[in-house]
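What follows is calculated from the coordinates using simple rules that are stated; it is not laboratory data. Predicted, not measured: the structure shown is a model, and the values here were computed from it. Using ideal geometry, Cβ is built from the backbone for each residue, glycine included, and neighbour counts are taken over all protein chains shown.
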């Protein structure tokens, strides 16, 4: 059975469309898994911190390497600013706005997609 050139072109276009949909689905599923695989931990009981053992209003935030930092950084601007970090380690120092309590900020940051951990900036 021989196919016409028009049928052949239709099959080629359909195959390209299927490949494009599969690639889009793969990209989307990796973003979704990064968002749902949020294993952020709060390794510290903020109520038990010894005054003077940490920098007031500063947190260290660890970010998954597979998650884009700009999305997390934009969210952090609501409560403070990333002032420096070590991108190779995915660790960033966040200075909170003066009116933001550290415990509440840490709990909120831990819920952000891509965040691995949140802890005080110990001296």
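Evaluated on region 71-113, the Kirkwood hydrodynamic radius is 10.8 Å, with distances taken between all distinct Cα atoms. Sorting the segments 72-81, 104-113, 48-57 by their residues' average number of neighbouring beta-carbon atoms within 10 angstrom, most packed first, yields 104-113, 72-81, 48-57.
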